[in-house]
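J.: Starting off with a structure, shown below.
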Amino acid sequence: MSRSRGPARSVRRLSAVLTAAVVAFGASAVWASAAHADDTLDRAARALRDGGGLWVEDGAEGLDPQSREMIDARLAGAHGPVRVALTASGDPSETVRALAEEIGEPGVYVALTEERGITGDTTLHVSWENVDTGVDDGALEEHLSYGPGGIEGQLMSLPELLGDDLLGEVGDAARTQTVYVHPAVRAGLPGFDADAVTGLYADVPGVRIAVLPTSVREEEELAEALLAPLGDDGVALLAFWEHGRFTLVPAAGPEATDPADLASALFSAGTGPDELAATLTEFAPMVEGDVVAAARAGLREGHLYVHPLLVDDLAEEERRRLDSELAGLASPVRIAVLPARAVEFEVRREEGSVDDGLARRVAGEGDDPVVLLTVDGRGRVWDRLTHGEPPGGVGEDGIFSLSTAVEVGYTPDSLDASLTELVGLLGEQEPAPPAGGGEGPGWPVLAVIAGGLLSPLLVLSTVLVLVNSRAAARRRREEADDAEIMARLRAEEAERVEAIRAENDRLITDLGEGLAGAASPVVDPASVFEEHLRGYEELKRDNRDAHDIDAIVAVRDRARAALAGLAEWDRRQEEGA
């Protein structure tokens, strides 16, 4: 029995040791957690003691980088102090209470704490304290629960609840500035060159642009403030930061372009933090209008016309050199370069299409062949259209058609390189055969034929040999260059597919957010709403799997139609409620 009790006593002693260790570890963990919380609170209080702003604990990942900078700048410049602390862990209600007590100053205090789910998604928990601001607690609760733009937008627009007058700022700016970029946006987008955009609009009268953080103000109010200094033909564009992107809202006076048309044209425009400058660049020629007529007039005066509101890599000295070379060609060719979105906007309003017929319109009454290139706001070459052919062909031995030569010289990211290569190919063309049947290069035998030294049958056979030889040489050169041309075309299509896929991702995300907040079934049965949900899932799958331009454009059209269908669903349910 002594042996049986020995092990039992050993087990009890081990259990006692483990229990003591667990208690000691638990106490140590609690102490470490409390010490970490105290350290976090101390650092947050030091950072926020002197005024409003956003303090972010090391390791906290909530809020995108641009929104963090915008929130901090917006709160730091607010009239009523708003102090926000973003922590990686802890209880936000305890953090905000301790922070308010530690600083001891009037203002709104907000604590955000991250919680990472098992799938890696991060949820932000929010708690706030209102210390002697005079603002109703109910208004704060509603704003921080249901305000615009998610938690980022709610924090950015919180100063407006405390008396900041964003509407007044916009109205004052509209009287003296064409483009107003709010200081908070400048802080969040240090690479955004507001001065360059402003300079672009110097010669575009009757337009105002405001780039703003999220606001509690109605879009209509802000648009009216922008349009106030302008006449009935004035145009305005609001860009609000929401959910890590800009929302674009055009507005116009009664005699100006229909803002619905502008909104449709801007629907696919880039609105990310690195895309705004390009989009505003594209908007300027849209507002100015008449880009096709301007090109036609420009080509009457010169051989190379580049729209003055384009932003590209072609220097003025190089433009003049290329214009001179085009004018000196044996068979002159004229080239027009226009802003892509403005061209599409103008042509679609006229119920036309961007195709070679547009190049014919640009050519007007002129006899020379015309090349029309369009360039987007990032300086990338998009559409490449032609009208007419040089009589002697293009390139050595005239092996290329004009449209093929454009593709051979095409460099997607450089207008300079595209034009330089194309003009170089045009410079290699043979002179056109002289009018009136005189002797021309490559055709000396025709002089003999004209002298009557050969029989009619020999004349015919000689002409056929020459024509066939020339055609065979042209075919051989074209086949040799086929692989290179097709590779360029495939690369271009792949680039456009990925650009449209990214656009589709944004549309599908908007659709998902719209479905999440859609009106409850009142007029239509729930089964109809389930069709919207199924369509959403199909769009996500099809956008991922589409690999050619036709398929990806079809997804874009369906996504736009789905958004319109969801808006109609909401309208019907709300009217029937």
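J.: Packing-wise, with mean Cβ within 10 Å as the measure, how do 372-384, 126-138 rank, highest first?
T.: Values: 372-384: 21.2, 126-138: 14.3.
So the peptides 372-384, 126-138, ranked by packing, come out 372-384, 126-138.
J.: Run the quick spin-label model on ASP64 and GLU105: label points 7 Å from Cα toward the beta carbon, then report their separation in nm to one decimal.
T.: So the two model labels end up 3.1 nm from each other.
J.: Between TRP382 and residues 5 or more places away or on another chain, which pairs have amide H atoms under 5 Å apart, with H built 1.01 Å from N, and which residues are they?
T.: Hits under the 5 Å cutoff: THR374, VAL375, ASP376.
J.: Let me ask something else about it. Residue separation times 0.36 nm, minus the C-alpha to C-alpha distance between ARG46 and ALA502: what's the value? Don't jump to the answer; show the numbers that get you there.
T.: Numbers: separation 456, 0.36 × 456 = 164.16 nm, distance 4.20 nm.
Answer, rounded to one decimal: 160.0 nm.
J.: Still on this structure, please answer the following. What full-extension length gain, to one decimal in nm, is calculated for ASP548 and ALA293 as 0.36 nm per residue of separation minus the Cα-Cα distance? Write out the running numbers ahead of the final one.
T.: Values: separation 255, 0.36 × 255 = 91.80 nm, distance 3.38 nm.
Result for the pair: 88.4 nm of gain on full extension.
J.: List the relative contact order of the stretch 49-102 as a percent without decimals, with contacts defined as Cα pairs under 8 Å and 6+ residues apart.
T.: Here the relative contact order equals 46 percent.
J.: Expressed as a rounded percentage, what relative contact order does the stretch 84-225 have, with Cα pairs under 8 Å and six or more residues apart? Walk me through the numbers on the way to the answer.
T.: Details: 167 pairs, mean separation 27.6, N = 142.
About 19 percent, as a whole number.
J.: Please list, by residue number, every one of the GluC sites (Glu not before Pro) in the stretch 175-246 that is coil in DSSP and has at most 15 other beta-carbon atoms within 10 Å. Each step should come with its number before you reach the end.
T.: On the way: sites: GLU218, GLU219, GLU220, GLU221, GLU224, GLU242; in loops: GLU218.
When the GluC sites (Glu not before Pro) of the stretch 175-246 are filtered for loop state and at most 15 Cβ neighbours within 10 Å, GLU218 remain.
J.: Which value, in debye to the nearest 20, describes the size of the charge dipole of the stretch 355-406 about its Cα centre when Lys and Arg Cβ atoms bear +1, Asp and Glu Cβ atoms bear -1, and nothing else is charged?
T.: Computed about the Cα centre, the dipole is about 320 debye.
J.: Still on this structure, I have one more. Modelling each spin label as a point 7 Å along the Cα-to-Cβ direction, I'd like the ALA260/ARG97 distance in nm, to one decimal.
T.: For ALA260 paired with ARG97, the spin-label model returns 5.4 nm.
J.: If each residue of separation counts as 0.36 nm, what is the full-extension length gain between THR198 and GLU365 once their alpha-carbon separation is subtracted?
T.: Full-extension gain reported as 56.5 nm.
Laboratory data are not the source of any read-out in this text; all were calculated from the coordinates shown. What you see is a predicted model, and the numbers here were worked out from it, not measured in a lab. No Cβ is skipped: glycine too gets one built from the backbone with ideal geometry, and neighbour counts run over all protein chains shown.
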